[in-house]
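The values are calculated or read from the model by the stated rules, or taken from the named source; none is laboratory data. Just so you know, these numbers come straight off a predicted model, no measurement behind them. Quick reminder, even Gly has a Cβ in these numbers, built from the backbone with ideal geometry, and neighbours come from all protein chains shown. SASA here: full protein model, heavy atoms, side chains in, ligands and nucleic acids out. Shrake-Rupley method; radii C 1.70, N 1.55, O 1.52, S 1.80 Å.
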Amino acid sequence: MDTALPIYALLVDDDPMILALLSAFLESKGYSVIEAHDGQAALELIAQGGINLVVTDWVMPCMDGLDLCRAVRQQQHASYVYLIMLTSNSQENALVAAMEAGVDDFLGKPFSPAELGARLHAAERVLALEAGLEKRNCKLAEAYSQLSRELELAKAMQLGMLPKRADFGRVRFDWMFEASSYVGGDMFDYFSIDDQYLCFYVIDVSGHGVSAAMMAFSVQHLLLSSAQQIAETIASQSGDIGLAAEVMMAGYNRHFMKLKDTSLYLTMIYGLIDTATGQVALVQAGHPPPLLVLGSGTVTPIGDGGLPLGILQNAAYEAHLVQLAPGFRLFLYSDGITECSDVEGKEFGQQRLEDLLGRQQGLPLADAKAELGRALFLWKGATGAFNDDVTLLALEYR
């Protein structure tokens, strides 16, 4: 054989002489050969597996060669079975019928050893190609399985790094997070800077996948490790949390500009709050605007854009100051909420989000958040997982 692929041949003919001649010829080529005297017996042998070449007569008792080929093509096999039909019928309509039944090649009767050898070489090439494709597909499936396991692990790590719901004096935080079908780049957190000030944020790294998740983890680490720097910046700005937030955001941007060997960037809402006075400084970096909900239910978007981090080296950022009163709420969210699509492709939208949060102002914060979650699931419908991470960070001043 010209190929290292082992050939296990089944010869099917009701003429013992033809079987003996074919068997001797194929064995001389190094093939492993078994014989069957009719199509039904052959089909039972093929169903047991292992056979990858069949040379069959057309006219036989019990089941003829044409029905045998049809039945073989209807079976499920671990590898491809190459079918050669022995026939003395050279009419065009007969050959077409055989090809439609799944026959790969034909051999005239009485057969010529040279012609049979050429047909077998063609069969070897096809079987070798099929075996190579199956091997590559197996390796591809194995690699895909490994990647899926790694993505699931990354998603579990992402969920494990979400903050615990907590109160900080007069400030209550709550949140909602629904992971997309991919590993995403959404991340949010809140933490104490000192006894007076808190930091909170929502980020959304562009794209999906492990690279976006790794960038999100990097951002979270950077912000968590900057608590002392934030405190020093607030002190250097004489307690002006607006100026401090602007300085910190510009510093974060310079940090991520150093990582521009990647094509990733991130949007962010960054907030500092003075828990003693209820004053909040918000800096928007290309992220959807935070929503301030007054005690009356009136909803006001805060901010007008800003550049994402990692776009421009010397980008300037502007802080918006908000004065909270008891009962006021502040909602930070990702575009996975506003861009959540229904079955017809229509987006949930910011206006629908504002209307819902305004109507839920009389409910406890946890209940208002749960109502939004139900609304999004109803809006999405039975379309599987969300296409993007759904993130909501809620702050209530009491």
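Computed values, structure above
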read-out	value
Selection from the range 104-121 of residues that are under 49 Å from the mean Cα position of the chain (by Cα) and within 21 Å of P6 (Cα to Cα)	D104, D105, G117, A118, R119, L120, H121
Residue list for the range 44-91, filter: farther than 23 Å from L21 by Cα and among the aliphatic types (A, V, I, L, M)	A47, A71, V72, A78
Criterion: buried (at least 18 other Cβ atoms within 10 Å of the Cβ) and of a type outside the set (G, A, S) - qualifying residue of L291, L321	L291
Residue list for the range 302-316, filter: small (G, A, S), open to solvent by less than 50 Å² (accessible area, probe 1.4 Å) and more than 32 Å from the chain's Cα centre (by Cα)	G303, A315
Condition check for A325: at pLDDT 95 or above and assigned to a loop (DSSP other than H, G, I, E, B)	yes
Residue in the range 324-332 that is over 26 Å from the mean Cα position of the chain (by Cα), in the same structural domain as D204 (by TED's automatic domain parsing) and at positive phi present	yes
Hey, M99 open to solvent by 50 Å² or more (accessible area, probe 1.4 Å), of a type outside the set (S, T, Y), assigned by TED's automatic domain parsing to the domain that holds A122 and closer than 24 Å to A131 by Cβ or not	yes
Only listed residue being on the phi < 0 side of the Ramachandran plot, acidic (D, E) and without any contact (Cβ under 8 Å) to a residue 40 or more places away in the chain, chosen from D335, D304	D304
Boolean, L332 is buried (at least 19 other Cβ atoms within 10 Å of the Cβ) and in contact with a Pro (Cβ under 8 Å, 6 or more places away or on another chain)	yes
Criterion: over 17 Å from V202 (Cα atoms), crowded, with 21+ Cβ neighbours inside 10 Å and among the polar types (S, T, N, Q) - qualifying residue of T275, T233, T298	T233
Tally, over the range 302-320, of residues that are in a strand (DSSP E or B) and either among the aliphatic types (A, V, I, L, M) or not assigned by TED's automatic domain parsing to the domain that holds R359 (or both)	2
Wholly enclosed helices (runs of 4 or more DSSP H) of the range 204-301 bearing at least 1 residues in the same structural domain as Y317 (by TED's automatic domain parsing), of a type in the set (S, T, N, Q) and within 31 Å of the chain's Cα centre (by Cα)	210-224, 241-257
Residue selected from the range 203-218 under the condition in contact with a Phe, Trp or Tyr (Cβ under 8 Å, 6 or more places away or on another chain) and open to solvent by less than 10 Å² (accessible area, probe 1.4 Å), by the criterion modelled with the highest pLDDT	I203
Complete set of residues in the range 170-186 that are within 31 Å of the chain's Cα centre (by Cα) and either modelled with pLDDT under 90 or among the charged types (D, E, K, R) (or both)	D174, E178, A179, S180, S181, Y182, V183, G184, G185, D186
Enumeration of residues in the range 359-382 that are open to solvent by 70 Å² or more (accessible area, probe 1.4 Å) and either assigned to a loop (DSSP other than H, G, I, E, B) or not assigned by TED's automatic domain parsing to the domain that holds G185 (or both)	P364, A382
Residues located in the range 102-118, provided they are of a type outside the set (V, I, T) and either open to solvent by 70 Å² or more (accessible area, probe 1.4 Å) or assigned to a loop (DSSP other than H, G, I, E, B) (or both)	G102, D104, K109, P110, F111, S112, P113, A114
Pair list, Cβ under 8 Å, 6 or more apart: the range 384-398 residue touching a residue at least 60 places away in the same chain (Cβ under 8 Å) and assigned to a strand (DSSP E or B), other residue polar (S, T, N, Q) and open to solvent by 50 Å² or more (accessible area, probe 1.4 Å)	F386/S181
Residues of the range 338-358 classified as aliphatic (A, V, I, L, M), in contact (Cβ under 8 Å) with a residue 24 or more places away in the chain and in a helix (DSSP H, G or I), total	2
Cβ pairs under 9 Å, 6+ apart, first in the range 113-125 and without any contact (Cβ under 8 Å) to a residue 40 or more places away in the chain and farther than 12 Å from V55 by Cβ, second of a type in the set (D, E) and surrounded by fewer than 19 Cβ atoms within 10 Å (Cβ to Cβ)	A122/D105
